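Just so it is clear, none of the values below were taken in a lab; they were calculated from the coordinates. Keep in mind it's a predicted model, so treat the numbers as computed, not measured. All Cβ positions, even for glycine, are placed from backbone atoms using ideal geometry, and neighbour counts span all protein chains on display.
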């Protein structure tokens, strides 16, 4: 016999809230941020006590899906489509699936460390490894994020250009979205808005279906890894490195760990955190494969090179071979991918700066109470938006090399993450097991080899050895 559900307990109110989001008459030692988070945690507790499993899952999902779909950004989708346009399905379709398995392994560690320690990645690196490495990690991230944010605005610009809208509109749209989502002063509101936008990453899967691929060939490519791509070794290494950088990046590590802490997750939430991360990985893999399949239409119907696509843009090129409807869907997908990534990457920048300086760094704080966090969030987006207004920028080159830069810088961030996840003083019984460590080390080695291979090959070509 099923035990009766306990009655729902009314959610506690935040008494004494003022118009600017601050609260009066707070108990000693508590901040407005603490009270906001306690309300969110009370809802989780109530759902768990009432055995409302789907509602509990709804309350706890967010950071994992946002990290994965946020990384299905404009540069990533352009990278996938470029791989499809250059080489067809073959090698890269199953390779995308493998990279997302790697992403799930890495991001699960981020979620677990954030939920157990209640601290962000930058803060823990600073505390456990010293100021030098803490500031190095934050500085590394801020530079990488700025380059990536430029590429995100490029993605929005390419998508809007298909509808004959200017680069200025792209820059304004990205900045307005950042300001709007930050205006609520609450993590829950920000997360739900961005999750609602991230659903439209599925437009790339719609585009793939609309181009009418041979699904038998798609299935064959997934299980056989063939044909192995030929042609330019440097281009192949570029696309391999770019594909890796399209699925696992330093900003994802900062974002998911910090967002898990900001959400107030605890060790009791680890199972749902894993569901969240796995669901995000599966969705992102499907949508990423959709971008590659859509791009492959250009390879099977006349072919296209990276250089050729840089001028026309992917939406226009797809429109020429598959029709305006496909081009419209793909262009809208690029706008969505760039917009969601602008929001999540800007947030990771704010988290990193706030954590390393020791300033308040929560979306549950007001702009007045966490000025540095909000300033870094908006400032990074504003600077990147201004840079894309510079005429003559090589759009596709920026988009592809943003992912390559992430691949080159990723191993250092992953090594620190593995060390944190193995720190039993921090993690206790939730530390990594031996099998997971071997898998994580293998991922670091693989990413390092791929990034180094492209860097060495490019250097040798530059000095005319190759």
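Values as computed for the structure displayed
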{"item": "Alpha-carbon spread of the range 128-222, three principal axes, descending order, Å", "result": "54, 35, 28"}
{"item": "Longest to shortest principal axis, alpha-carbon extents of the range 152-203, angstrom", "result": "35, 24, 14"}
{"item": "Semi-axis lengths (Å, descending) of the ellipsoid that matches the C-alpha gyration tensor of the range 129-168", "result": "35, 6, 4"}
{"item": "Inverse of mean 1/r across different Cα pairs in the range 254-393, Kirkwood, Å", "result": "18.1"}
{"item": "C-alpha long axis of helix 167-182 to longest principal axis of the chain, angle in °", "result": "20"}
{"item": "Size of the range 402-466 as Cα extents on the principal axes (Å, biggest first)", "result": "53, 21, 15"}
{"item": "Translational diffusion coefficient (Stokes-Einstein; Kirkwood radius from C-alpha pairs) of the range 176-277 at 4 °C, 1.567 mPa s, in µm²/s", "result": "73"}
{"item": "Stokes-Einstein D (µm²/s) once Rh is taken as the Kirkwood radius of the range 41-143 over alpha-carbon pairs, at 4 °C in 1.567 mPa s", "result": "76"}
{"item": "Rounded Å value of the spacing that divides the Cα centres of the range 114-189 and the range 429-452", "result": "26"}
{"item": "Exposure proxy order (Cβ contacts within 10 Å, fewest to most) of 390, 335", "result": "390, 335"}
{"item": "Computed FRET value (nearest 0.05) for residue 446 with residue 57, which takes r as the C-beta separation and R₀ as 35 Å", "result": "0.60"}
{"item": "The chain: angle of helix 395-421 to the longest principal axis, Cα-based, in degrees nearest 10", "result": "40"}
{"item": "Read-out volume of the Cα convex hull per residue in Å³, derived from the coordinates shown; its label in (1) 153; (2) 161; (3) 170", "result": "(3)"}
{"item": "Angle in degrees between helix 215-224 and the longest Cα principal axis of the chain, rounded to the nearest 10", "result": "80"}
{"item": "Simple spin-label estimate for residue 321 and residue 429 in nanometres, 7 Å along Cα-Cβ", "result": "5.6"}
